[in-house]
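Colleague: This is the structure I want to talk about, given as structure tokens.
The values are calculated or read from the model by the stated rules, or taken from the named source; none is laboratory data. Owing to the predicted nature of the structure, the values given are computational and were not obtained by experimental measurement. Here the Cβ positions follow ideal geometry from the backbone for every residue, glycine too, while neighbour counts run over all protein chains shown. Quick note on the areas: whole protein, heavy atoms, side chains included, nothing else; ligands and nucleic acids left out. Shrake-Rupley method; radii C 1.70, N 1.55, O 1.52, S 1.80 Å.
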Amino acid sequence: MTMPHPDFTNIKTGWEPRLSAKLSQLPPLVVGLIAIIAGAIGVTSFSPFHFWPGYFISIAVFGLLIFTSTSSKVAFWRGNAVGLGFFGAGVSWVYVSIAEYGQVGSIIAGVITFGFVALLCAFWGFSAWLSWTLIQRFPLLPASLLVTLSLLSGELARSSLFTGFPWLLPGYAIENTWLFELLPIGGIWLTSACVILTSCVTASVLLKANNQLALIVTLIICWGGAAFLNYSPVSWVQQTGTLNTTLIQGNVKQDEKWLTQTAAQSLAYYQQATIEHLDSELVVWPETAITYTYPQIKPYFAAFSKELEDSNTTLITGIPDVSADKQNYYNAIWATGNGFGLYYKRRLVPFGEYIPFAEYIGPILDVFGMPMSSFKSGDENQPVLQVGEWGIAPFICYEIVYAEQVRRMVRDSDFLITISNDGWFGTSFGPWQHLQIAQFRAKEAGRYVIRATNTGITAFINEKGEVVAQAPQFERTTLTAEAKAFTGNTPYVQWGYWPTLLLLGICLVFTYLNGLILNRKNR
């Protein structure tokens, strides 16, 4: 005789079954509205709001709605509804980018944005469907763990398919909690697992579910260990020097950036601002600060590069490059002066820098009059940039969201540098979310992150993930600070996913064994 999985609707007394019964009996539209509101609440956990319980509420409701679903189809649509609230609010800045700079008008921009959000929701809908299916098939395992595994799988798929969109992952919700200290150990996926598991166990406990003890003990260890690290920090890396650095924020309007007259004026400003900071060892311009191509600008820069070299100053700037046959364009970072290196962006932004399935989608966008970019991605194995004696791992804009890409390049670097043009986001909270993501990369890697942007948020982030200097948004300005060099690897840099897999594996083993014991007791 096998023990059936706890049926939350069969308990006859107490408030728990009443809650379960009401969720099961509410009209679908009402449940959908609750799900959408719950999903939207989750966005408050991320920058610039920093209300960390918000995301826990979203996932707890996500779990409750799955537990009380009557079929996998119902679970699928409920998961989609929570995702609609979360992604609809969380990535609303996509509409700003398309409506203001896509030249398609507000209606078409709304349709495209809704399509993008619907695609993201589908990952949560699939996770909910998979959760419900696994709950029925594996009754010895707790539903809370199965939902955690399913949602983590969905988030991993969302982060990988079609170059991936690993934005607003669960682990980013914990910046102001003790769990932030787990980043150097297991990275964003360990904190994501802890966030989802905490939320789902809470939902299960509310419904008096069985077989939660091992999961509760695991969470106590995780939260307790993180609290210990918060009050008794461990130094995973060692400081080896400093680099006097100036970041130049040009604040060039996005709709004027590529105009010939603006390009010349911007270049003149950046050069003059650099000359005024030749006492800095490193000067950084943002993504595509130079809108002329690399072959065009290199001869023009010969004398300027020599002046930089004579001052022991390295300039790092964003620049487009083009192949000799002028068939392939690249979004690049170039180091010149007292340094060298040319890096091509590896992770391109879908619909921004390349069109997925361009042979099918391209003609449709042509009908709408939407301009299309066609950049090529760089090779997977590219060396870091050299700044004097220091190695700097470069990341262009969107690339900083890829934890594994950063992890692979950290070993050869003393600093991390990311350049971006967040002018696409306008005054939305997109730039704040982007900055927060960079903070997590700094904490995971144990490295300073030097972040230069066109319109903000330009900042220095220390190895603890703390913003130590920040320039105001939408101002033409410079920001100078001492960036510290570090050597050594955090456990996450060494082990990657393994701490997270180990944690989930232990949970699976112990909850399964406990399920067997409970099953024997119920015979």
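Colleague: Where residues in the stretch 151-176 are over 16 Å from Tyr398 (Cα atoms) and of a type in the set (A, V, I, L, M, F, W, C), which of them is most open to solvent (accessible area, probe 1.4 Å)?
Modeller: Leu156
Colleague: Please determine whether any residue of the stretch 210-227 is open to solvent by less than 20 Å² (accessible area, probe 1.4 Å), more than 28 Å from the chain's Cα centre (by Cα) and either touching a residue at least 60 places away in the same chain (Cβ under 8 Å) or more than 18 Å from Gly186 (Cβ to Cβ) (or both).
Modeller: The answer is yes, given that some residue of the stretch 210-227 is open to solvent by less than 20 Å² (accessible area, probe 1.4 Å), more than 28 Å from the chain's Cα centre (by Cα) and either touching a residue at least 60 places away in the same chain (Cβ under 8 Å) or more than 18 Å from Gly186 (Cβ to Cβ) (or both).
Colleague: Out of (1) surrounded by fewer than 22 Cβ atoms within 10 Å (Cβ to Cβ); (2) in contact with a Phe, Trp or Tyr (Cβ under 6 Å, 6 or more places away or on another chain); (3) under 29 Å from Asp325 (Cα atoms), the odd one out for Lys257 is which?
Modeller: (2)
Colleague: Could you grab me the full set of residues in the stretch 387-409 that are touching a strand residue (DSSP E or B) at 6+ places or on another chain (Cβ under 6 Å), within 22 Å of Thr336 (Cα to Cα) and free of Cβ contacts under 8 Å to residues at least 60 places away in the same chain?
Modeller: Passing the criteria: Ala393, Phe395, Met409.
Colleague: Checking the conditions here, which among Gly171, Gly125, Gly154 is in a helix (DSSP H, G or I) and farther than 25 Å from Glu404 by Cβ?
Modeller: Details: Gly171 fails: farther than 25 Å from Glu404 by Cβ; Gly154 fails: farther than 25 Å from Glu404 by Cβ.
Only one candidate passes the filter, namely Gly125.
Colleague: Has the stretch 182-193 got any residue that is touching a helix residue (DSSP H, G or I) at 6+ places or on another chain (Cβ under 6 Å) and either of a type in the set (Ser, Thr, Tyr) or over 21 Å from Ala445 (Cα atoms) (or both)? Lay out the reasoning, then the answer.
Modeller: Quick first cut of the stretch 182-193, residues touching a helix residue (DSSP H, G or I) at 6+ places or on another chain (Cβ under 6 Å) only: 182-193.
Checking which are either of a type in the set (Ser, Thr, Tyr) or over 21 Å from Ala445 (Cα atoms) (or both) leaves us with 191-192.
Checked the stretch 182-193: at least one residue is touching a helix residue (DSSP H, G or I) at 6+ places or on another chain (Cβ under 6 Å) and either of a type in the set (Ser, Thr, Tyr) or over 21 Å from Ala445 (Cα atoms) (or both).
Colleague: Quick check on the stretch 370-389. Is at least one of its residues small (Gly, Ala, Ser), within 19 Å of Gly241 (Cβ to Cβ) and out of contact with any Gly (no Cβ under 6 Å at 6 or more places or on another chain)?
Modeller: Step one: filter the stretch 370-389 for residues small (Gly, Ala, Ser), giving 373-374, 377-378, 388.
Subsequent filtering for residues that are within 19 Å of Gly241 (Cβ to Cβ) retains 388.
Remaining after also requiring out of contact with any Gly (no Cβ under 6 Å at 6 or more places or on another chain): 388.
Taking every residue of the stretch 370-389 in turn, at least one turns out to be small (Gly, Ala, Ser), within 19 Å of Gly241 (Cβ to Cβ) and out of contact with any Gly (no Cβ under 6 Å at 6 or more places or on another chain).
Colleague: Return the residue satisfying two criteria in turn: it lies in the stretch 121-139 and is open to solvent by 30 Å² or more (accessible area, probe 1.4 Å) and of a type in the set (A, V, I, L, M), and of such residues it is nearest to Asn519 (Cα to Cα).
Modeller: If we take residues in the stretch 121-139 being open to solvent by 30 Å² or more (accessible area, probe 1.4 Å) and of a type in the set (A, V, I, L, M), then Leu134 is nearest to Asn519 (Cα to Cα).
Colleague: Say we look at the stretch 462-514 and pick out the residues that are of a type in the set (Phe, Trp, Tyr) and closer than 29 Å to Val201 by Cα; which of these is most open to solvent (accessible area, probe 1.4 Å)?
Modeller: Start the filter on the stretch 462-514 by keeping residues that are of a type in the set (Phe, Trp, Tyr), which leaves 474, 486, 492, 495, 497-498, 510, 512.
Those left that are additionally closer than 29 Å to Val201 by Cα: 492, 495, 497-498, 510, 512.
Values: Tyr492: 5, Trp495: 137, Tyr497: 87, Trp498: 174, Phe510: 123, Tyr512: 102 Å².
Taking the candidates together, the pick is Trp498.
Colleague: Pick from Thr70, Thr44, Thr113: which is touching a residue at least 12 places away in the same chain (Cβ under 8 Å) and open to solvent by 40 Å² or more (accessible area, probe 1.4 Å)?
Modeller: Details: Thr44 fails: touching a residue at least 12 places away in the same chain (Cβ under 8 Å); Thr113 fails: open to solvent by 40 Å² or more (accessible area, probe 1.4 Å).
Exactly one of Thr70, Thr44, Thr113 is touching a residue at least 12 places away in the same chain (Cβ under 8 Å) and open to solvent by 40 Å² or more (accessible area, probe 1.4 Å), namely Thr70.
Colleague: Please enumerate the residues belonging to the stretch 124-179 that are touching an Asp or Glu at 6+ places or on another chain (Cβ under 7 Å) and more than 18 Å from Leu215 (Cβ to Cβ). Spell out how you get there, then give the answer.
Modeller: Of the stretch 124-179, the ones touching an Asp or Glu at 6+ places or on another chain (Cβ under 7 Å) are 169-170.
Selection gives Leu169 alone.
Colleague: Listed residues Phe510, Phe486; which is among the aromatic types (Phe, Trp, Tyr) and closer than 19 Å to Thr245 by Cα? Walk me through it before giving the result.
Modeller: Working: Phe510 fails: closer than 19 Å to Thr245 by Cα.
So the residue among Phe510, Phe486 that is among the aromatic types (Phe, Trp, Tyr) and closer than 19 Å to Thr245 by Cα is Phe486.
Colleague: Let me ask something else about it. Any chance the stretch 350-364 includes a residue that's modelled with pLDDT of 90 or more, under 27 Å from the mean Cα position of the chain (by Cα) and crowded, with 17+ Cβ neighbours inside 10 Å?
Modeller: Quick first cut of the stretch 350-364, residues modelled with pLDDT of 90 or more only: none.
No, the stretch 350-364 contains no residue that is modelled with pLDDT of 90 or more, under 27 Å from the mean Cα position of the chain (by Cα) and crowded, with 17+ Cβ neighbours inside 10 Å.
Colleague: Sticking with this structure for a sec: Among the residues of the stretch 253-281, write down those that are modelled with pLDDT of 90 or more and touching a Gly at 6+ places or on another chain (Cβ under 8 Å).
Modeller: The answer is Ser266, Tyr269, Tyr270, Glu281.
Colleague: Name the helices (runs of 4 or more DSSP H) wholly inside the stretch 212-323 in which the number of residues that are polar (S, T, N, Q) is 3 or more.
Modeller: Working: elements: 213-231, 260-275, 294-300, 302-310.
So the answer is 260-275.
Colleague: Tell me, please, whether a residue that is open to solvent by 40 Å² or more (accessible area, probe 1.4 Å) and free of Cβ contacts under 8 Å to residues at least 40 places away in the same chain can be found in the stretch 278-294.
Modeller: yes
Colleague: Still on this structure, please answer the following. Every residue in the stretch 185-209 that is surrounded by fewer than 24 Cβ atoms within 10 Å (Cβ to Cβ), part of a helix (DSSP H, G or I) and touching a Pro at 6+ places or on another chain (Cβ under 7 Å), please.
Modeller: Result: Ile185, single match.
Colleague: Would you check if Ser266 is farther than 20 Å from Ala459 by Cα and open to solvent by less than 20 Å² (accessible area, probe 1.4 Å)?
Modeller: Details: farther than 20 Å from Ala459 by Cα: yes; open to solvent by less than 20 Å² (accessible area, probe 1.4 Å): yes.
Taking the combined requirement at face value, the residue satisfies it.
Colleague: Quick check on this structure: which one of Val104, Val96 is at pLDDT below 85, open to solvent by less than 40 Å² (accessible area, probe 1.4 Å) and within 23 Å of the chain's Cα centre (by Cα)?
Modeller: Numbers: Val104 fails: within 23 Å of the chain's Cα centre (by Cα).
None of the other options fit; the residue is Val96.
Colleague: Can you tell me which of Thr418, Thr427, Thr458 is β-branched (Val, Ile, Thr) and open to solvent by 10 Å² or more (accessible area, probe 1.4 Å)? Working first, answer last.
Modeller: Working: Thr418 fails: open to solvent by 10 Å² or more (accessible area, probe 1.4 Å); Thr458 fails: open to solvent by 10 Å² or more (accessible area, probe 1.4 Å).
That would be Thr427, the only listed residue that is β-branched (Val, Ile, Thr) and open to solvent by 10 Å² or more (accessible area, probe 1.4 Å).
Colleague: Please list, ordered by first then second residue, the pairs with beta carbon atoms under 8 Å, 6 or more apart or interchain, first in the stretch 434-453 and farther than 19 Å from Ile185 by Cβ and charged (D, E, K, R), second crowded, with 24+ Cβ neighbours inside 10 Å and at pLDDT below 95.
Modeller: Short answer, once both residue conditions are applied: Arg451/Ser420.
Colleague: Going by what's in this entry, would Ala335 be described as touching a Gly at 6+ places or on another chain (Cβ under 7 Å), surrounded by 18 or more Cβ atoms within 10 Å (Cβ to Cβ) and modelled with pLDDT of 95 or more?
Modeller: Taking the combined requirement at face value, the residue satisfies it.
Colleague: Related question: Taking Phe76 as the residue in question, decide whether it is open to solvent by 10 Å² or more (accessible area, probe 1.4 Å) and either within 18 Å of Ser199 (Cα to Cα) or of a type in the set (S, T, N, Q) (or both).
Modeller: Details: open to solvent by 10 Å² or more (accessible area, probe 1.4 Å): yes; either within 18 Å of Ser199 (Cα to Cα) or of a type in the set (S, T, N, Q) (or both): no.
So Phe76 does not fit the description; no.
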